[in-house]
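This report refers to the structure that appears directly beneath it.
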Amino acid sequence: MNEFSLPKVIDTRRDTDGRLIQIIVGSTTENVNEASWLVAVDGSPHADEAVNRAIHLSLKMGTRRIILVHVHTWLSKEAAENDLLKFAMQNSVSARNSVEKAGLGWQLHAALGTSAEKIVEIAIQQNCFGISIGHRGMNFATSVLIGSCAHQVIQFSPLPVLVSKRPPTT
């Protein structure tokens, strides 16, 4: 599946103003209730490493799908309708391709909100085994000032969190 072909919409959620706040699509609608690993994706090499770790664990555990989550902080009502899924599809191309290459199904949750909180919320709602997330390795000052999403997920999550750094290049 390339970045421009749209998969089947599984579900959508809207806020009280009617703004699209979450859209769920997937490579398959089978095993929708099966527990799996959740991976936060943003198109970065760090997220790709988190996907690879989740694939490895899923294959060992015998699960057949991985949940991918892309969170966008805020979009206007019109932009959410037009762009929420588009941004998630663009930032998950590599992740979706890796999951499909491993022979697993995927479900992509495109959501609006605070990244760490949404990631944990979706993982709990989907009854996930745990969360796999990439870590960019910010320096101390940046991490203290703005915090890292990975650190916040660790703090908020009652589920196990696997934090992956991008492997060193050779």
Projected label distance in nm at Lys8 and Glu100, using a 7 Å step from Cα toward the beta-carbon: 1.5
So what does Arg14 come to for accessible area, using a 1.4 Å probe and Å² rounded to 10? 120
Efficiency of FRET from Cβ geometry, Thr16 and Leu59, R₀ 41 Å, rounded to 0.05: 0.50
If the reach is capped at under 22 angstrom between alpha carbons, list the lysines near Lys165, excluding any in the same chain fewer than eight residues apart. Lys60, Lys101, Lys118
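The values are calculated or read from the model by the stated rules, or taken from the named source; none is laboratory data. Predicted, not measured: the structure shown is a model, and the values here were computed from it. Please note: Cβ atoms are built from the backbone with ideal geometry, for glycine as well, and neighbour counts cover all protein chains shown. Side chains are part of the model used for accessible areas, which takes the heavy atoms of the whole protein and leaves out ligands, DNA and RNA. Shrake-Rupley method; radii C 1.70, N 1.55, O 1.52, S 1.80 Å.
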